[in-house]
Amino acid sequence: MKSSAFPRTDPKWCSPSTLVSAGVLFIYGLLASYASFTHSPVWDEPGHLVAGISHWQLRTFDLMRVNPPLVRMAAALPIAFGGAQVDWSRWNRAVGVRAERMVRRDFVRANGSRVFALHRAARCACLPFCFVGAYVCFRWSRELYGHAAGLLAISAWCFSPNIVAHGALITPDCAAAAIGVLSGYTFWRWLRDPSLNRAVWAGVTVGLAQLAKTTWLVLFGLIIPLWLVCSIRDSRIDVLTGHKRRYFSAARLKQAAQLFVIIVLAVYVLNMGYCFEGSLRKVNQYSFLSRALGATIIVDGQVDPPQAGNRFRGSWLGQIPVPLPQNYVMGIDLQKWDFERKMWSYLRGEWRLGGWWYYYLYA
């Protein structure tokens, strides 16, 4: 019997498609690094950066509350404890005040030309998110359809103009896409082969997606229907193969318990990312600005009168504790208020208060 001191190499990791994928990832790293070091900061990058610094130094999440803090905290980590001058004199915690717009001007003014070097360091700290997205696309596609599909998926990610452009910024868009793909992959693995270990990974990644961008709140509305659809599909397969299995079997109840773990763990990770700031605050203790939550009157795109409110005060709904961080909830309300007031939009030489329903189709 022959033996070897070295383990056998798994051929899937040294296949041509894997090596080409590594080359694609290397090229993407060069493109993103070049863009990070040569392009000047975009309009809202200083706001994200100074907000991230405030989270580390002041232990609060008021600045830039319209977006969760994960990406900007990662960006600010290299400079949060030294190397950057900050001026908090115009920091304002009042409801509806976008203080980051004033604080970012003071941040740029205080650092002068050094602000470019600070942004380069912060951008480099965000690049790992993009590599995670590329790797997950490669691995998920390869597990589904083979090596060629993995190569196609990683190429589509790395050479997408949106990924190349936004991957070199401090803004949360590319990182949110990457973490969203990661959460979808881990949840898919749990659906395919449910176990407590995979449920924990799915819960953690779904929670991280919430900390990357508020739009991933939709995941909480998707995971239960997806599980139900897969459960019904599996039950029909059992009927077709002649295996008798009740829908409410012990295995099904075990999966339901694991799904509950995913949801609870995701909510816990979200609250942990905000250091549990204002968690479990009752609905009637909030001051909302949007028409949907605060019953604010909007007239011709303006607030009349400009004041906060709460449509749930005095009702039984107002007594319900919200299992979400305070600034996460207030950020959703503030973003909703921005959309209700309407903003100026530009298309084909025309400015309009509001927008066009076909804007994205045209673009």
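Dipole check for the chain: with +1 at the C-beta of Lys and Arg, -1 at the C-beta of Asp and Glu, and the Cα centre as origin, the magnitude is about 760 Debye. Sorted from greatest to least, the principal axis extents spanned by the alpha carbons of segment 50-90 come out as 26, 23, 13 Å. Its Kirkwood hydrodynamic radius, worked out from the mean inverse distance over all distinct Cα pairs, puts segment 96-214 at 16.2 Å. Could you check which residue among Leu31, Leu127, Leu208 shows the biggest mean-square fluctuation in a GNM of the chain with a 10 Å Cα cutoff? Among Leu31, Leu127, Leu208, the largest mean-square fluctuation in the Gaussian network model of the chain belongs to Leu31. Since only Val103, Ala251, Ser287 are under comparison, the one whose Cα sits farthest along the positive direction of the charge dipole of the chain, derived from C-beta charges on Lys, Arg, Asp and Glu, is Ala251. From the largest down, the chain spans 80, 54, 45 angstrom on the principal axes of its Cα atoms.
Accessible surface calculations at 1.4 Å, restricted to protein heavy atoms, place the chain at 55 Å² per residue. Heavy-atom accessible area for Ile179, with the other protein chains in place and a 1.4 Å probe, reaches approximately 10 Å².
For the chain, the relative contact order is 16 percent, taking Cα pairs closer than 8 Å that sit 6 or more residues apart in sequence and dividing their mean separation by the residue count. Taking every lysine pair in the chain that is 8 or more places apart or spans two chains, those with Cα atoms closer than 27 Å amount to 6. Quantify, in whole percent, the carbon and sulfur part of the accessible surface of segment 1-160 (1.4 Å probe; protein heavy atoms only). So the carbon and sulfur contribution to the accessible surface is 65 percent.
Diffusion coefficient (Stokes-Einstein, Kirkwood radius over C-alpha pairs, 37 °C, 0.692 mPa s) for segment 7-147: 191 µm²/s, rounded to a whole number. Largest first and in whole Å, the equivalent-ellipsoid semi-axes of segment 148-290 read 31, 25, 12, each the square root of five times a Cα gyration tensor eigenvalue. Taking all protein chains as they are arranged and a probe of 1.4 Å, the heavy atoms of Val86 leave approximately 50 Å² accessible to solvent. Report, to the nearest 10°, how far helix 326-341 tilts away from the longest principal axis of the Cα atoms in the chain, using its own Cα long axis and a range of 0 to 90°. Long axis of 326-341 versus the principal axis of the chain: about 70 degrees.
Against the longest alpha carbon principal axis of the chain, how many degrees, from 0 to 90 and to the nearest 10, is the axis of helix 219-241 turned? Helix 219-241 sits at roughly 20 degrees to that axis. The long axis of helix 16-38 is offset from the longest Cα principal axis of the chain by roughly 10 degrees. Legend: residues Val108, Val50, sorted from most to least accessible area (1.4 Å probe; ligands, DNA and RNA excluded), read Val108, Val50. Across segment 62-168, Cα pairs under 8 Å and at least six residues apart give a relative contact order of 24 percent. Taken over segment 18-91, the alpha-carbon convex hull comes to 133 cubic angstrom per residue. Taking all protein chains together and a 1.4 Å probe, the residues Glu340, Glu350 rank Glu350, Glu340 from largest to smallest accessible area.
Exposure check, 1.4 Å probe, all protein chains in place: Glu277 carries approximately 40 Å² of accessible surface.
The values are calculated or read from the model by the stated rules, or taken from the named source; none is laboratory data. Values in this document were obtained by computation on a predicted structure and should not be read as measured data. No Cβ is skipped: glycine too gets one built from the backbone with ideal geometry, and neighbour counts run over all protein chains shown. Remember, those area values only see protein heavy atoms, side chains included, never the ligands or the DNA or RNA. Shrake-Rupley method; radii C 1.70, N 1.55, O 1.52, S 1.80 Å.
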